[in-house]
Amino acid sequence: MSSRSVVRIGTRGSALARWQADHVAGLLRAASPGLHVEIVVISTQGDRVLDKPLPLIGGKGVFTEELEAALRDGRIDVAVHSLKDLPTENPKGLVIGAVPPRADARDALVSHGHVPLSQLPHGAIVGTSSLRRIAQLRRLRPDLQVRDVRGNVDTRVRKTLELREYDAILLACAGLDRLNMQSVIAERLPIIQLLPAPGQAALGIQCRDETDSLALLAPLNDATSELCVTAERALLASFGGGCAVPVAAHATIDNGLMRLLGRVTAVDASTQVDVVVEGHVASLNDARDLGATAARDARARGAAAILPAVAKG
């Protein structure tokens, strides 16, 4: 058991990030009655630079580096991230101390008139900043125009439904659910149709690699969610681990048997490789091994030829 009486949670300042931090604060208080929890808001490069696509300003690390610096120098004790934003390699001295139960991992379509993806007009403008979504969307609807969109969840929804800068946008269901914005969802896209990002809908609670911090977070961890995202992130790590590689993955567990779906899609949508692997998982190492197996299968099916970056993984 942790001996801490005060815990400082670092978070980004968006409404969704604040919700996530408050949610983790509630979990900590429930697990450790009497614990005093403080929220510390930290601005990240990804929040400040909104006029450029993510891969051009540093990829996933733009949402995490400032929080990790605050962890290392002791300004905060834990940091709450959307796990899909965390690079697959842990920075020196830091670890993911807990993964709480995962939410809905599907992608959501937000559109005028609640029109589903299949019924969007020819040439409709769809906003997303995710190369994974762009590549798969081009496979599903090559007639659509895809344009970059940045900003917080509520900002992107407003740009679509109020300002009409886009006919539709793609977002994570989990973020909209957490912000109680389910009413704007036109369609929750099936997992197999638009495979999610590795770790999507899961929170990663990061801490210093020290006994006290790990003991504090241990009660918040959901073993099934942790195993699933570990396999997904192991698959991503094999392909470079960044958002410049359109790799998708989703794992489920039934009676100890994990089923991992993986997908690598060329950004121009010319080629797509899907893999499915199954295996019994009793540990995080088992989950990592299954992710690595999926990556090998993807390479054997031609994934290395889709993207030069994949061949380096």
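The values are calculated or read from the model by the stated rules, or taken from the named source; none is laboratory data. The shown structure was predicted, so the numbers you read here are calculated from the model rather than taken from an experiment. Cβ coordinates were reconstructed from backbone atoms using ideal geometry, including for glycine residues, and neighbour counts include every protein chain displayed. Areas reflect the complete protein model, heavy atoms only, side chains present, ligands, DNA and RNA absent. Shrake-Rupley method; radii C 1.70, N 1.55, O 1.52, S 1.80 Å.
Overview of values
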quantity: Single match in LEU163, LEU195 (criterion: buried (at least 18 other Cβ atoms within 10 Å of the Cβ) and either among the aromatic types (Phe, Trp, Tyr) or assigned to a loop (DSSP other than H, G, I, E, B) (or both)); calculated: LEU195
quantity: Subset of region 84-126 [among the β-branched types (Val, Ile, Thr), open to solvent by 10 Å² or more (accessible area, probe 1.4 Å) and within 29 Å of LEU27 (Cβ to Cβ)]; calculated: THR88, VAL95, ILE96
quantity: Residue match in region 66-78 (condition: under 30 Å from GLN182 (Cβ atoms), in contact with a strand residue (DSSP E or B) (Cβ under 7 Å, 6 or more places away or on another chain) and either open to solvent by 20 Å² or more (accessible area, probe 1.4 Å) or at pLDDT 95 or above (or both)); calculated: yes
quantity: Subset of region 257-288 [outside any helix (DSSP H, G or I), of a type in the set (Gly, Ala, Ser) and open to solvent by less than 30 Å² (accessible area, probe 1.4 Å)]; calculated: GLY262, ALA266, ALA269, GLY279
quantity: Of all residues making up region 208-251, the number that are among the aromatic types (Phe, Trp, Tyr) and either free of Cβ contacts under 8 Å to residues at least 40 places away in the same chain or in contact with a Ser or Thr (Cβ under 8 Å, 6 or more places away or on another chain) (or both); calculated: 0
quantity: Any chance GLY291 is under 20 Å from ARG233 (Cβ atoms), open to solvent by less than 70 Å² (accessible area, probe 1.4 Å), assigned to a strand (DSSP E or B) and not hydrophobic (A, V, I, L, M, F, W, C); calculated: no
quantity: Count - residues of region 108-132 that are assigned to a helix (DSSP H, G or I) and farther than 21 Å from MET181 by Cα; calculated: 4
